[in-house]
Amino acid sequence: MPECFQFSFGNKTTVIIDCFEVFIMRPSNLMVRAQTYSNYKSHNTVKILIGITPQGSISFVLHVWGGRTSDKFITDHCGILKNLLPGDLVMADRDFTIQESLTVHRAELAIPAFTKGKDQLDPIDVERTRGIANVRIHVERVIGLLRRKYTIVSGILPIDFLQSDPNDSQVAKKPMIDRIITVTAALTNLSTGIVPFYLRSSNLRVVAQKLLI
């Protein structure tokens, strides 16, 4: 377990999750157009939930969803939760309001704190949020690595990639975009790890130690 996780959260962190979006061409079908329109990107997109281990390997990626789909809905329905064990810690951004879903599996959620109507966060929440930010950034780095290495997921994909060929074999009936994401994720895992095992900054050690007090 890398030190940045050990100091902040012990050995409990199991997976860090996030969603990223890939642009697609504007669908002609009105329903598909509505389902894929992302208000965040102001474009039609597909959204993918990705999970990485504390060591930086992609441990979960399944299939794409319409860009309009919420992070919570995807997490609840993509199948990642059934892989959790009691006591596992899931780290995510504050958009992932999945505490109730994790409670069913007796797992824990670590997300940045909300102000909840307060003018400012309590000092302990500030330190915990800082600790989460320091380690959660690694999932964004993995997504960035995947995009840089495989530019097909950085451009605008044709609509045909969202369809499956009924003449394909049973194994290959997944839409082309699902297969692209699966293959690029697997190939990304062959790259050199991006999460350092040791903390490089004494300041990070201080922050991490405060979280354990």
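Read the figures in this text as sums done on the coordinates, not as results from a lab. Remember, it's a predicted structure, so these values are computed and weren't measured experimentally. Note: ideal-geometry Cβ built from the backbone for every residue, glycine included; neighbour counts use all protein chains shown.
When each of the peptides 150-161, 52-63 is scored by the mean number of other C-beta atoms lying within 10 Å of its residues, the order from highest to lowest reads 52-63, 150-161. Using the Cβ-Cβ distance between residue 160 and residue 41 with R0 set to 22 Å, the FRET efficiency works out to roughly 0.60. Available extension along the chain between residue 137 and residue 72 is 21.5 nm, counting 0.36 nm per residue and deducting the alpha carbon span. The charge dipole of the stretch 3-195, taken about its Cα centre with unit charges on the Cβ of Lys, Arg, Asp and Glu (plus for the first two, minus for the last two), comes to roughly 360 debye. Hey, with R₀ at 41 Å, roughly what FRET efficiency would residue 30 and residue 198 work out to, going by the Cβ-Cβ distance, to 0.05? In this case the efficiency is close to 0.15.
What does the charge count near residue 105 come to, summing +1 for each Lys or Arg and -1 for each Asp or Glu among other residues with Cβ under 13 Å from its Cβ? Counting the neighbours of residue 105, the net charge comes to -2. For the pair residue 55 and residue 151 in one chain, pulling the backbone fully straight at 0.36 nm per residue adds 32.2 nm over the alpha carbon distance. Each of 186, 35, 164 was placed along the dipole of the stretch 3-195 (beta-carbon charges, centred on the mean Cα), and the one lying farthest toward the positive end is 164. Considering all C-alpha pairs of the stretch 3-195, those separated by over 24 Å amount to 44%.
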